[in-house]
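Written out below as structure tokens is the structure these notes cover.
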Amino acid sequence: MPILENLKDFAGAPFSVLVIPDTAKATEDEISGFKAALTQLREEGFELALHGFKHKAEFSQGRSYLGLSAMNITNREAEFAGLSEYESSRLLRLALEAWNKLFETDSSETKFVPAAFVPPTWWSNKYLPMQVRNIKMLYEGRFSLTTKKGRQIVSPVVSFAGIPKAAINPMFNAGEFIIKFPARVPRIALHPSDFPELRPRIRHLIRTALGSGRKLVQYHDL
């Protein structure tokens, strides 16, 4: 929460926050604190999106060889990679049920729909984008965004999680280029592991974006 508040103050506005909804291994106190934090973020204008179910892939007989490869190269974080239509739908349903519990809604009727769905590591399957759109959510892929109405938006992303240290400098350089490029809707995807080590360079990247004539938008603005 302090990191999010600091970023909001620096960027001048609240932004989109991705929520991993599974609380199976959390204590009652931890769950209560998590719910309170999410409520506070909503009240402050942050936009909440659904980021998978557990962010950890489990064995599935319905996962393709490509999906298994994605699991291996992402330390089993590619939760939706290569799933069959049934398994993808089942896992998405579990994610929504966990989301509803966080916001104390009945699992048969979602009162607070996530602004978007972002599969962990962006690895996906061919069924997931339409399954997400059928629930009236924006779908975020690695290179593009697909709105609830099916409009596709080219959206390159700058992210530092899971990459070797030798690649961090090139990624920041690429990020500045992407942000300064006049077309498209670039994203800066930040993770808790980026802080505090990368904080100064992340602030510089945000400053570059705001100083180049861009404005901060949330998913619902697209």
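Before moving on, here are some points about what is shown:
- Some residue of the stretch 79-88 being assigned to a loop (DSSP other than H, G, I, E, B), touching a residue at least 24 places away in the same chain (Cβ under 8 Å) and surrounded by fewer than 18 Cβ atoms within 10 Å (Cβ to Cβ): yes
- Residues being within 14 Å of the chain's Cα centre (by Cα), in a helix (DSSP H, G or I) and exposed (fewer than 13 other Cβ atoms within 10 Å of the Cβ) - total across the stretch 130-156: 0
- Residues that are in contact (Cβ under 8 Å) with a residue 60 or more places away in the chain, open to solvent by 60 Å² or more (accessible area, probe 1.4 Å) and within 20 Å of A116 (Cβ to Cβ) within the stretch 191-221 comprise P192, L216, H220, listed in sequence order.
- Failed criterion for W122 (all others in (1) free of Cβ contacts under 8 Å to residues at least 40 places away in the same chain; (2) surrounded by 14 or more Cβ atoms within 10 Å (Cβ to Cβ); (3) on the phi < 0 side of the Ramachandran plot hold): (3)
- Restricting the stretch 170-190 to residues that are in a helix (DSSP H, G or I) and in contact (Cβ under 8 Å) with a residue 12 or more places away in the chain leaves a set whose member that is farthest from the chain's Cα centre (by Cα) is K180.
- Qualifying residue in the stretch 25-37 (condition: open to solvent by 60 Å² or more (accessible area, probe 1.4 Å), in contact with a Phe, Trp or Tyr (Cβ under 6 Å, 6 or more places away or on another chain) and touching a residue at least 12 places away in the same chain (Cβ under 8 Å)): no
- Residue in the stretch 38-65 that is surrounded by the fewest Cβ atoms within 10 Å (Cβ to Cβ), counting only those that are touching a strand residue (DSSP E or B) at 6+ places or on another chain (Cβ under 9 Å) and charged (D, E, K, R): R42
The values are calculated or read from the model by the stated rules, or taken from the named source; none is laboratory data. Small disclaimer: the values here were computed from a predicted structure and weren't measured. Glycine gets a Cβ as well: all are built from the backbone with ideal geometry, and neighbour counts include every protein chain shown. The accessibility values were calculated without ligands, DNA or RNA, using every heavy atom of the protein model including side chains. Shrake-Rupley method; radii C 1.70, N 1.55, O 1.52, S 1.80 Å.
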